[in-house]
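Working notes, structure below.
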Amino acid sequence: MSFFQAYKMAIKSIKANKGRSFLTMLGVIIGVASVISAVAFAQGSTKSITDSIQKLGTNLIQITITGRNSNRDMSYDDLKKFAEENSDVIAATAPQSSTSAKVKYGSTNMDTTIIATSPEYENIKNVHVTQGRFLLDFDLEYRQNVALVGTAVVNELFENRNPIGEKIKINGQIFKVVGILEERADGATRSDDDQIIIPVTSSRMVMKTSSIRNFAVEATSADKVDAAMESLKAFLLDIYKNENAFRVFDQSQMLETLNDVTSSMMIVLGGIAAISLIVGGIGIMNIMLVSVTERTKEIGIRKAIGAKRKNILTQFIIEATVVTGMGGIIGILLGFSIIKFVIGGLDLVPPVYSIPWALIAFGISLLVGIIFGLFPAYKAASLKPIEALRTE
Amino acid sequence: MEEHREECLLEHKAVQEGRGATLTETLIEIREMWKIYQINQLQVQALKNINLSIKKNEFVAIVGPSGSGKSTLMNMLGCLDTPTSGTYILDNEEVSNLSDDKLAEIRSKKIGFIFQSFNLIQKLTALENVELPLIYTGVKASERIRRAKLALEDVGLGQRLYHKPNELSGGQQQRVAIARALINNPPIIFADEPTGNLDSKSGVEIMNLLKELHKKGNTIVLITHDNDIANQAERVIRISDGTIVEDRQVI
Ligand SMILES: Nc1ncnc2c1ncn2[C@@H]1O[C@H](COP(=O)(O)OP(=O)(O)OP(=O)(O)O)[C@@H](O)[C@H]1O
Ligand SMILES: [Mg+2]
C-alpha cells in the first residue's frame, strides 16, 4: 500500500466520520487557542507594566556639569548637535536648570521651584499639560516670558480662578501663564506638582546665571542607556579634559525595578503557558484516546481482511496529523481573533501577537495529537485480529 | 521448535505421498491443536487435541452446540488467532508460528471471511467496503473500483454500490461481506454462521451463493447450528466440548 493510498484512505475516513473528526479538531482548536490567548494576555500585561515603568523615565540620563573649562562650557547647542550625531542611542535632550524662586500673583506670594528648559522636556520627562499648551520652539527663539504651572502652584496662588492668561511675577520678572501641568503627586507642596516651567532662553534674570549646568538626555531605549552614557562621558571628557568636571548618571534604581518586574512577569508567563499547554494537551490526549480506542473493531476488520500493522499505523498517523494539524491552524486563527477582538476589545492590556508561541502551541498539539492518536492505534493494531474484532 | 516444525513438514509430505497422485490435494492440515483460554484462575479448554484435514474444493460444515468451540476452531483455521499448541499447515505452509504481518498477508491472499455479524465498516459505502482488501494488496484505484463493482453485481447488489451498511438489509449486508470476501479470489472461504442473523429467504440466497462458489472451485468451511444447512454441505464435522465427535460425508 502506497503512502498516497494511505493518505487518501485517511482523508476518506476523516470525511466519513465528520462528527468525530470535528470533536477531535475542536479539542485541538480549544487547546491551541487557549494557549495563544493566555500567553498573549500575560505578554500584554508584562508589556503594559514595563511600559508604565519605562514611562517614569528608565531611559533617562542626567548630566550635571560641576567643573569649569578654561576655554568654554558645553552649551545646549553643543549637546543637541552631539545628540543628532548619535541618534542611534540618544533620542532627545533638554536643558534643565532649576532654582527656587519667589512667585507673586496679585498680592499672593509663594516659594516654588523654577525649571528652565526646552520643548523636548515634555517627552523626556513625561510632563504634560492638562490645560493650555507646553513650551514651543517659538517661545525659546523669541525669549517669550511664558510659564507652565504645577497644580500645587495653582492651588496656592490662584485659588479657584483659571490661571491661563494670568500674569505672575517670578523673582520680579513678569511671566504669562500658558498651561497647567498634569498632576503627579496630588498637588502636594514640595512635590513634582510644586513647580513652574519656563523657557530656558527667558530664564537668565530668574536664574541669575547664564550657564546651564544640568541637562536631561533620553536614550532610545532602556538597553541603550549604557551605550548613550559611555558616549556622553567621552564627549564631555573631550571638552573638559577632566573626569571630575561632570557627572553622568542614569536611573539605575528604576532600571533595576524594571528588570525585576520583567523577570517575574516572565515566570508568570512561563507558568501560564505551561499550564495552558498541559490543559490543552490533556484535552487533545483524551479525545484522541477515546476516538481511536472506539475504532478497535474497525482495526480488527481491516486486519482480518489483510491489513498489516504498518498499514493501520500509517493510516492513523496521517489521520491524526491531518486532524490535529487542521485543528491547530484553526486554533491559531481563533487565538489571534481572541487577541484582536477580546483582549483588544477589553482594552485592559495591549494585544501582543506572538508567532513563536503560536508555533510552540501548534507543535506541541501536533505532537500530543499524533502520540496519543498513535498509541491506542498501535495497541489495537498489535492485537490479534480476533481480539480486536471482539470489541464493540 | 524448529526441529518439531521440520518433523511436521516431513510428516505432511509423507501423508501427501501416501495418498498418491489420484487423491485431491490437502489444503488444511491440523495436528494436535489445543486452544486454552486463561481467565484469572479459570482455564477454558476451547479446543482439545484437534486433528483435521480438509482437501481442496471441499464443502465442509462444522456443527455443534453453543460453546463447543466452533468459532474458536474457525478463528484458528482463518489465521485470526493462534493456537496454544499444535501445528497448522495451510496450503503447504506451516502457519502456526508466523508473524502477525505474515498472517495478514496469508489472510489477504488465501482467505475470505463471512461473519455472522457481517463486520462491515459502518462509515464506508458498500463499494468502499468491498474495495478495502484490494487496497491492502496494492491494486490501483481504477482496477479496484472495476473489480469491486463486478463483485457487487455478482451478488446482486449492482444497484446498491453507494449505500452505507446501515442503509442495507441484513441479507444485503451479508452479500456485501461475501463480495468483500471474494474480491481477492481467495481459494478458501470461512463462514461463521453466515445465515444466523438472517431470515430464511435471505439465508437460502446466501447458501446458494456459497454453493455456487463451491462449484467454481472454492474450498468452503461453514459453521452452523442448523442441521438442514449443514446437510447441504459435502461433509459434516460435529464438535462437542472442544473435540471432534463425528466426521461424516453427506450422501
Ligand atoms: N476470548 C475468549 N476468552 C475466554 N474464553 C473464550 C474466549 N472465546 C471463547 N471462549 C470459550 O471457549 C469456548 C468455545 O467458544 P466458541 O466461541 O468457540 O463457541 P461456539 O461453538 O462458537 O459457540 P456459539 O455456537 O455459541 O457461537 C466457550 O466455552 C467460550 O466460553
Ligand atoms: Mg460461535
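The values are calculated or read from the model by the stated rules, or taken from the named source; none is laboratory data. Predicted model, so just to flag it, every value in this text is computed and none were measured. Please note: Cβ atoms are built from the backbone with ideal geometry, for glycine as well, and neighbour counts cover all protein chains shown. Ligands, DNA and RNA are stripped out before the accessible areas are found, and what is left, the full protein with its side chains, is counted by its heavy atoms. Shrake-Rupley method; radii C 1.70, N 1.55, O 1.52, S 1.80 Å.
Observations
- All-pairs alpha carbon distance profile, the protein assembly as shown, 20 Å steps from 0, percent: 15, 29, 17, 13, 14, 11, 2, 0
- Charge tally for A:SER263 (other residues, Cβ to Cβ under 15 Å; Lys, Arg +1; Asp, Glu -1): -2.
- Evaluating kT/(6 pi eta Rh) at 4 °C and 1.567 mPa s, with the Kirkwood radius of the stretch A:225-370 over Cα pairs in the Stokes-Einstein relation, gives 63 µm² s⁻¹.
- Taking all protein chains together and rolling a 1.4 Å probe, B:TRP34 ends up with roughly 80 Å² accessible.
- Kirkwood Rh (inverse of mean 1/r, distinct Cα pairs), chain B, angstrom: 19.0 Å
- Placing unit charges on each Cβ (+1 for Lys and Arg, -1 for Asp and Glu) gives chain A a dipole about its Cα centre, and among A:THR112, A:MET326, A:ILE305 the Cα reaching farthest toward its positive end belongs to A:ILE305.
- Cα centroid separation - the stretch A:317-335 against the stretch A:280-300, whole Å: 16 Å
- Size-normalised alpha-carbon gyration radius of the stretch B:16-147, reference 2.2 N^0.38 Å: 1.24
- Annotation for A:ARG161 and A:ASP51: the two label points, set 7 Å from Cα along the Cα-Cβ direction, are 4.1 nm apart.
- Of A:LEU277, A:ALA185, A:PHE3, farthest towards positive along the dipole that unit charges on Lys, Arg, Asp, Glu beta carbons give chain A: A:PHE3
- Span-rule helices in chain A, defined as complete DSSP H runs reaching 30 Å or more along the axis (Cα) with Kyte mean at least -0.5: A:18-55, A:252-293, A:309-337, A:355-382
- Helix axis angle, B:126-136 relative to chain B longest principal axis, alpha carbon, degrees: 50 degrees
- Cβ-based charge dipole, the protein assembly as shown, positive-most Cα from B:PRO165, B:MET76, A:ILE371: B:PRO165
- Springs join every pair of Cα atoms under 10 Å in this Gaussian network model of chain A, and among A:PRO119, A:PRO356, A:PRO95 the largest mean-square fluctuation is at A:PRO356.
- Listed residues B:SER202, B:SER99, B:SER53, most fluctuating in chain B (Gaussian network, C-alpha, under 10 Å): B:SER99
- The stretch A:68-241 - Rg and Dmax from Cα coordinates, angstrom: 17.0, 53
- For the stretch A:68-241, the Cβ-based charge dipole about the Cα centre amounts to some 940 debye (Lys, Arg positive; Asp, Glu negative; other atoms uncharged).
- Three principal axis extents of the stretch B:91-222 based on alpha-carbon atoms, in descending order, are 40, 32, 25 Å.
- Cα shape, the stretch A:118-173, gyration tensor, a/c 1.5 rule: oblate
- Pairwise FRET efficiency - B:LYS102 versus B:LYS211, Cβ, R0 = 35 Å, nearest 0.05: 0.65
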